[in-house]
Amino acid sequence: MQIDFEEKDHIYSVNGDIASISVTELLAKHGLAPDYSKVPTGKRKQSADKGKEVHKDLENIFTVAGYEPKTEQGIEFKKWQEKHIDCGIAEQKLAFEYNGLIIAGTADVMAIMKDGSFAVGDHKNTSKFHREYVSWQVSLLDYFARKLGKEKVNGKLLNWKGATKFYCFHYTPKLEVQELDKIPDSEIEKLIDDEFNGRIYQRKELVVDPELQSKFLQAEEFLAKIELDYKQAEANAKKLREEMLSLFENQGIESWISPTGKIKVSYVRASESIRVDSEKLKREQPQIFSKYQKLIKTKSHIRVKVGEEE
């Protein structure tokens with residue numbers, strides 16, 4: 001398979017035929033990519049030009065022996081790469097053909113990790129991290145690579161066994177490595193089939209038992225009401241506590257007990273304490289900050305927002 005890319009017009013050709021659609025265009029068409037149309041053209045061009053410079057720097061880390069990155073993003077990624085990646089390739093062009101529909105794209109990183117696992121990753125310099133979009137990108141490219149089998153791409157055999165790790169290397173500008181969930185093959189195949197048949201892909205909807213749904217909604221609405229009542233009560237109590245504080249200070253009293261004896265109030269004098277300014281430390285001494293960081297694991301959970309219908 002011969003895959004070529006014309007950067008100026010963003011056109012892929014596969015074995016001499018122009019690809020039907022790129023991975024980026026496919027995801028945008030089906031509502032799986034962020035919409036940048038409202039961003040001013042000048043700003044988009046400036047970001048694109050900067051992105052090309054950074055991507056070339058990141059690519060050179062894999063392709064040029066002994067290469068020393070020029071950008072902050074490149075320096076950050078090389079540190080991570082040396083620690084985690086055994087060997088890898090950058091800017092790997094891939095394509096997939098389905099009944100004459102040709103989809104093509106480029107994997108920023110395809111690597112074998114130091115633990116022997118296979119990984120696919122994508123570099124992003126956007127201000128916001130779009131998890132679903134990047135998950136689709138890397139999952140599609142991994143799918144294309146697996147479907148190659150023994151077929152060579154531009155004269156080279158990938159022999160790709162399939163990734164078990166999927167990454168977004170998000171630069172803000174400091175590197176934040178986001179591990180992603182793989183999009184199931186069944187959903188990838190549904191997207192491709194929808195594109196072939198002229199349908200817009202519909203995300204899977206969560207199937208909820210009616211009884212569970214009823215109980216869940218009732219519980220969340222009840223909790224939301226309690227939380228609202230609590231916030232109002234807290235604001236009222238805070239105001240009244242300020243008034244009580246004034247009385248303590250004006251009268252020189254140290255403690256007070258309510259007539260029922262249920263509530264005891266003590267006066268706490270103003271004091272000073274020393275704390276570490278973590279943001280300043282991170283900005284001015286990043287190596288020291290990094291040295292004393294620790295990994296905090298959280299359990300999977302859902303986030304619930306209760307409010308009026310739009």
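In the chain, the longest principal axis of the Cα atoms and the axis of helix 72-84 are about 80 degrees apart. For the chain, the relative contact order is 13 percent, taking Cα pairs closer than 8 Å that sit 6 or more residues apart in sequence and dividing their mean separation by the residue count. Among 171, 230, 98, the residue with the largest mean-square fluctuation in a Gaussian network model of the chain, with springs joining Cα atoms closer than 10 Å, is 230. With springs only between Cα atoms under 10 Å, which of 242, 179, 68 fluctuates most in a Gaussian network model of the chain? Of 242, 179, 68, the Gaussian network model singles out 242 as fluctuating most. Between 183, 253, 89, the residue with the greatest mean-square fluctuation in the GNM of the chain (Cα pairs under 10 Å linked by springs) is 253.
Between residue 186 and residue 7, the contour length at 0.36 nm per residue exceeds the Cα-Cα span by 61.3 nm. Here the calculated FRET efficiency for residue 24 and residue 99, from their Cβ-Cβ distance with R0 = 22 Å, stands at 0.55, rounded to the nearest 0.05.
Dividing the summed helix terms, -39500 (n - 2.57) for each DSSP H run of n ≥ 4, by the number of residues in the chain produces a 222 nm estimate of -13500 deg cm²/dmol to the nearest 500. Could you tell me which label, among [x] 47; [y] 56; [z] 25, carries the value of percent of Cα pairs over 33 Å apart calculated for this structure? Correct label, based on the coordinates given: [x].
The separation of region 111-149 from region 169-245, counted between C-alpha centres, amounts to 24 Å. For residue 242 and residue 277, a Förster radius of 35 Å and the Cβ-Cβ distance give a FRET efficiency of 0.80, rounded to the nearest 0.05. One decimal place: the segment residue 193-residue 254 gains 14.5 nm when fully extended, by the rule 0.36 nm per residue minus the C-alpha distance.
Each value in this text was obtained by applying a stated rule to the coordinates, not by laboratory testing. Model, not experiment: these values are computed from the prediction. Because the Cβ atoms are built from the backbone with ideal geometry, glycine has one as well, and the counts that use them run over all protein chains shown.
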